[in-house]
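Chemist: Below you'll find the structure I mean.
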Amino acid sequence: MKRAVMTAVGLALTAVMLFPVYWMINVSFTRDQNMRADPPHLFPVDGTIEGYRAVLDQQLPYLGTSLLVGLGTVALTVVLAAPAGYALAKLRPVGGGALSFVLLIAQMIPGIIMAMGFYAIYLNLGVLNSVPGLILADSTIAVPFGVLIFTAFMSGIPDELMQAAVVDGAGRLRTFWSVVLPVSRNAIVTVSLFAFLWAWSDFIFASTLDGGGDHQPITLGIYQYIGNNNQQWNAIMATAVVASIPATILLIIAQRYVAAGVTAGAIKD
Amino acid sequence: MRRSRAYGHRGGWAAWAFLAPVTLYLLAFYAYPLYRNVELSLREYTVRSFVQGGAPFAGLDNYAKILSDPTFGPALLHTVVFTLASLAFQFTIGMALAVFFHQHFPLSGTLRALFLVPWLLPLIVSASTWSWMLNSDAGVVNAALGAAGIGPVNWLTSPDWSLASVIIANIWIGIPFNLVVLYSGLQAIPGTLYEAASLDGATGWQRFWRITFPLLRPVSAITLLLGLIYTLKVFDIIWIMTRGGPTDSSTTFATWSYRLGFGNLLPAFGPGAAVGNLLIVMALVFGLIYIRIQRRQYA
């Protein structure tokens, strides 16, 4: 009986917490003329898919760019972070501790400062408003975290596994490629997931480094919507719903990796 | 952490070959932008010299300029209030929820997972949703308050409420992180302790203050410090909801730095970079405290 009460309380708390998410969905289906109804319509009865039609008409290129930037960031992050994690966890070179320390510090640097430095550099190099430039900048959010996760995970791989490979005559590179990487699948999934999510959600690098580009990510699509046509809130919220899809999919199919990633940064050394 | 003696001998070029890409990357894409940022803050830049180079060295002029700027005081105050208020509520609510979900009732795992949603959404999505919910005329928050007989609040357009509005949105976004980390800390506390306390007749309240809270102190310290570092650099939410306004009433160092560098037609890169560097110093001070505490706990 008491457990049923707790479930009821839990459901109520979750409902309160997720109300803004529900509201976003509700508004995305609300007709323009009902938008300022008093009191607001709590359910999208007599709803419209006008907002989603606007997304299809106007936002698809933005979504494509975001997908590209997200995948590019994932690739760059894994390629850089996985070998580094292997070296720090298993080869333990002199100076490795210092590098780990630098990576920890790097995570704490505010994005606005990185953005300003990148802006100055990109302006001189002439790579402002380019997709590769944005991928590179977005990867700085994920690389230190990635090395941290790979290091923590790979130090749990039994040494015997790697010794067996060495006995078989495999070099370090081969051991890394055909022994360490395959058993590190979970770490790869966690790092990729967060790298994608952060790149997909990034606003600060997009707005500073890609503000005038032909290929802009979805965060800028929403931002311009808010700036330009203040009235079309169903279209704005429909875009927001669509922009939330990756997060939702990831939560459903990879929930344990998400929780692992959130805690790994805080708890593991 | 386990030492791997037999497999990896210390040192060695092979290890640094694996580390070379990330090391070069850190130099080129962390150290160099940071260096450029310091350089920006020490020179007198105009739009022309920003593109073509040759800006005169100005020493600490930019820093003197921002310290005497009328925005400095309010921005500092708002940064502190925003950070402390966000942390206090995120942590308290996160702790209460962690303890609640730790009781394992039907559906507790699923509901706990759903609590992660706000944290995973792109910040621009959360910020624009909150903007519309807090809209003075058509927002659902004012409609609910009106139903309770409370007059409409100009959440985003009144200088008295704008900071509170962005804090509310930021608390909402930060609860999941606190919940997940504190929950994982709770799982590490042996259940037998609670059983023993129950046998001694301890109430739930006593169990929390005598067992949970003291044993959770290390995890709590790290949660708060990480939260502090993350909250100091919050930019997206404030910028999208209020742009730091009206009249600087929700400006923090992060939004001020952005506005100086990118928010005006005539960019002031030097002062913008100077504000950014002050922010970095604040973040690093707390970052080093975090690392010290973490080292001590897991050494």
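Chemist: Using every alpha carbon pair in the range A:100-223, what percent of pairs falls into each 10 Å bin from 0 up to the bin containing the largest distance?
Modeler: Result, from short to long distances: 12, 33, 26, 18, 9, 1 percent.
Chemist: Based on the Kirkwood radius over alpha-carbon pairs, what is the Stokes-Einstein translational diffusion coefficient of the range B:19-112 at 37 °C with 0.692 mPa s viscosity, in µm²/s?
Modeler: 178
Chemist: On the first, second and third principal axes, largest extent first, how far apart are the outermost C-alpha atoms of the range A:1-48 in Å?
Modeler: For the range A:1-48, the Cα spread along each principal axis is 46, 16, 16 Å.
Chemist: Name the aspartates and glutamates eligible as straight-distance cross-link partners of A:K90: C-alpha to C-alpha under 13 Å, and not fewer than 8 places from it in the same chain.
Modeler: A:D159, A:E160
Chemist: Springs between alpha-carbon atoms under 10 Å, Gaussian network over chain A: tell me which of A:P83, A:P182, A:P144 tops the mean-square fluctuations.
Modeler: Among A:P83, A:P182, A:P144, the largest GNM mean-square fluctuation belongs to A:P182.
Chemist: Helix-derived [θ] at 222 nm for chain B: sum -39500 (n - 2.57) over DSSP H runs of at least 4, divide by residue count, nearest 500?
Modeler: Result for chain B, helices only: -20500 deg cm²/dmol.
Chemist: Under 1.5 on a/c is rounded, so check that first for chain B, then, if it is not, pick prolate when a/b is larger than b/c and oblate when it is not; a ≥ b ≥ c are the square roots of the alpha carbon gyration tensor eigenvalues.
Modeler: oblate
Chemist: Then there is this: Normalised by the empirical 2.2 N^0.38 Å for globular proteins, what value does the Cα Rg of the protein assembly as shown take?
Modeler: The protein assembly as shown yields a ratio of 1.00.
Chemist: Compute the angle between helix A:2-28 and the longest alpha-carbon principal axis of chain A, please, reported from 0 to 90 degrees and rounded to the nearest 10.
Modeler: Value to nearest ten degrees: 70.
Chemist: Let me ask something else. Can you give the Rg and Dmax of the range B:100-239 based on its C-alpha atoms, in angstrom?
Modeler: 19.2, 56
Chemist: Dimensions of chain A along principal axes (Cα, Å, largest first)?
Modeler: Here the Cα extents, ordered largest to smallest, are 73, 66, 30 Å.
Chemist: Using the 10 angstrom Cβ neighbour count as an exposure proxy, how do B:H104, B:H78 rank, fewest first?
Modeler: B:H104, B:H78
Chemist: With n ≥ 4 as the cut-off for DSSP H runs, can you work out [θ] at 222 nm for chain A, using -39500 (n - 2.57) per run divided by the number of residues, rounded to the nearest 500?
Modeler: Mean residue ellipticity at 222 nm (helix-derived): -23000 deg cm²/dmol.
Chemist: Of the candidates B:I240, B:I167, B:I124, which one comes out as most mobile in a Gaussian network treatment of chain B with C-alpha springs shorter than 10 Å?
Modeler: Looking only at B:I240, B:I167, B:I124, the biggest GNM fluctuation is shown by B:I124.
Chemist: Sticking with this structure for a sec: Let me spell out the model: positive unit charges on the Cβ of Lys and Arg, negative unit charges on the Cβ of Asp and Glu, origin at the Cα centre of chain B. What dipole size does that give, in debye rounded to 20?
Modeler: Dipole of chain B, to the nearest 20 debye: 1220 debye.
Chemist: Tell me, how many Å apart are the Cα centres for the range B:130-160 and for the range A:61-89?
Modeler: A separation of 41 Å, based on Cα centres.
Chemist: At a temperature of 4 °C and a viscosity of 1.567 mPa s, determine how fast the range B:84-161 diffuses translationally according to Stokes-Einstein, using the Kirkwood radius over alpha-carbon pairs as Rh; express D in µm²/s, rounded to the nearest whole number.
Modeler: Answer from the Stokes-Einstein relation: 86 µm²/s.
Chemist: Only Cα pairs within less than 10 Å get springs; with that Gaussian network setup on chain B, which residue of B:L123, B:L193, B:L84 has the largest fluctuation?
Modeler: B:L193
Chemist: When the convex hull of the Cα atoms of the range B:183-281 is projected onto a plane and the area is averaged over all directions, what value comes out in nm²?
Modeler: Computing the convex hull of the Cα atoms and averaging its projections yields 9.1 nm².
Chemist: If the only charges are +1 at each Lys and Arg Cβ and -1 at each Asp and Glu Cβ, what is the size of the charge dipole of the range A:54-267 around the Cα centre, to the nearest 20 debye?
Modeler: Once rounded to the nearest 20, the dipole reads 480 debye.
Chemist: Related question: Out of the trypsin sites (Lys or Arg not before Pro) in the range A:1-98, which ones are loop residues according to DSSP with at most 15 other C-beta atoms within 10 Å?
Modeler: Answer in residue order: A:R31, A:R36.
Chemist: Hey, what's the Kirkwood Rh for the range A:1-128 if you take every pair of different alpha carbons, in angstrom?
Modeler: It is 20.8 Å.
Chemist: Using unit Cβ charges (K, R positive; D, E negative) and no other charged atoms, how large, in debye to the nearest 20, is the dipole of the protein assembly as shown about its Cα centre?
Modeler: Computed charge dipole of the protein assembly as shown: roughly 1820 debye.
None of the figures in this text is laboratory data; all of them are computed from the coordinates on show. These figures come from a predicted structure and were not determined experimentally. Neighbour counts are summed over all protein chains in view; Cβ atoms, including those assigned to glycine, are modelled from backbone coordinates with ideal geometry.
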